[in-house]
1. What pairs can you find where one residue is in the range 102-125 and on the phi < 0 side of the Ramachandran plot, the other is aromatic (Phe, Trp, Tyr), and their Cβ atoms are less than 8 Å apart, with a gap of 6+ or different chains?
2. Hey, can you tell me all the residues within the range 138-150 that are more than 13 Å from Ile104 (Cα to Cα), assigned to a helix (DSSP H, G or I) and in contact (Cβ under 8 Å) with a residue 40 or more places away in the chain?
3. List the pairs whose first member sits in the range 17-35 and is in the same structural domain as Val135 (by TED's automatic domain parsing), whose second member is of a type in the set (Ser, Thr, Tyr) and part of a helix (DSSP H, G or I), and whose Cβ atoms are under 8 Å apart, counting only residues at least 6 apart or on separate chains?
Amino acid sequence: MAAIRPSSDSLVVGAGVVGLSIALALQERGAHVVVVERAGVAEGQSVIQPGGIRPQWGTTVNCRLALRANVRTAMRDLLPILEYVGLDVLVSGAYDGTPDRQPILGLLPGHDGLHVAAGFGGHRFMIAPAVGRIVAGEIDGERDTVLDVLDSRRFQEGLTVPEPQVI
């Protein structure tokens, strides 16, 4: 039996907040979009970011201790009734990012029709709607100037964009 293959104008790989924002923006432009995800909706970086794991905390042990402390503090401050609830299992994940802590957006050089939106670190929820509109616009033939700044070639060309809000 042959597999049914959906027809689409665009394929979005990743059902996190950024991928779904891009898919929504494409649908709003009239495109038929298929979204694929290996784990489930918001099961990757979108779900683990609030844990506060950062590579600069050094070791796995330090990350786990910091996560436990952050969760305990948030529980005490926001939901005092849960202050003494046990934290038997806490799950953390890697904190993705680029060398300049800015995302990579735009066409991938040498791969016609392949648009990339990756490397958001902890900024994905803040900028996902705008990224969705910008990437959908690029796919639809509109060029936003931010794509020139966040292009993947900036690393090879030494044109990184330092983040002024990092302390």
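1. Pro103/Phe120; Gly122/Tyr95
2. Correct list: Ile139 only.
3. Listed by first residue and then by second, the contacts come to Val17/Ser46; Val18/Ser46.
The values are calculated or read from the model by the stated rules, or taken from the named source; none is laboratory data. From a predicted model like this one, the values you see are computed outputs, not experimental measurements. Neighbour counts are summed over all protein chains in view; Cβ atoms, including those assigned to glycine, are modelled from backbone coordinates with ideal geometry.
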